[in-house]
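The values are calculated or read from the model by the stated rules, or taken from the named source; none is laboratory data. The shown structure was predicted, so the numbers you read here are calculated from the model rather than taken from an experiment. Cβ atoms come from the backbone with ideal geometry, glycine included; neighbour counts cover every protein chain shown.
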Amino acid sequence: MPKKVKQGVVVSNKMDKTIVVKVADYEPHPKYKKIMESNKNYKAHDENNVCGVGDVVRIVESRPISGDKRWTLVDVVEKAR
């Protein structure tokens with residue numbers, strides 16, 4: 001089974017080797033069919049501390065690294081200005 005890949009915006013990089021990534025998911029409302037946005041935060045492993053707040057990054061699921069860290073940074077799609 002392939003690993004899941006998600007893309008989102010870095011919200012926090014205050015922890016050592018860890019970033020918090022906000023991923024937006026768009027789904028239609030069950031009854032009204034309006035497209036609704038739901039956001040979820042994922043903690044991801046950033047080995048070299050290269051990410052800053054506002055960067056657009058791609059993360060991939062991995063083995064459990066700590067208590068609630070299950071994702072790893074793949075690459076930085078776009079640096080923040």
Matching residues in segment 30-53 - criterion: being over 16 Å from Val74 (Cα atoms) and among the small types (Gly, Ala, Ser): Ser38
Qualifying residue in segment 59-73 (condition: in contact (Cβ under 8 Å) with a residue 60 or more places away in the chain, part of a strand (DSSP E or B) and out of contact with any Cys (no Cβ under 8 Å at 6 or more places or on another chain)): yes
Scan of segment 29-43 for residues that are more than 17 Å from Val56 (Cα to Cα) and either surrounded by 10 or more Cβ atoms within 10 Å (Cβ to Cβ) or not hydroxyl-bearing (Ser, Thr, Tyr) (or both), ordered by number: His29, Pro30, Lys31, Lys33, Lys34, Ile35, Met36, Glu37
Selection within segment 57-81 - within 15 Å of Val11 (Cβ to Cβ) and either under 9 Å from the mean Cα position of the chain (by Cα) or at pLDDT below 95 (or both): Val57, Ile59, Trp71, Leu73, Ala80
Number of the exception - Ala44 against (1) of a type outside the set (S, T, N, Q); (2) in a strand (DSSP E or B); (3) without any contact (Cβ under 8 Å) to a residue 12 or more places away in the chain: (3)
Number of the condition not met by Tyr26 [criteria: (1) within 11 Å of the chain's Cα centre (by Cα); (2) surrounded by fewer than 16 Cβ atoms within 10 Å (Cβ to Cβ); (3) aromatic (Phe, Trp, Tyr)]: (1)
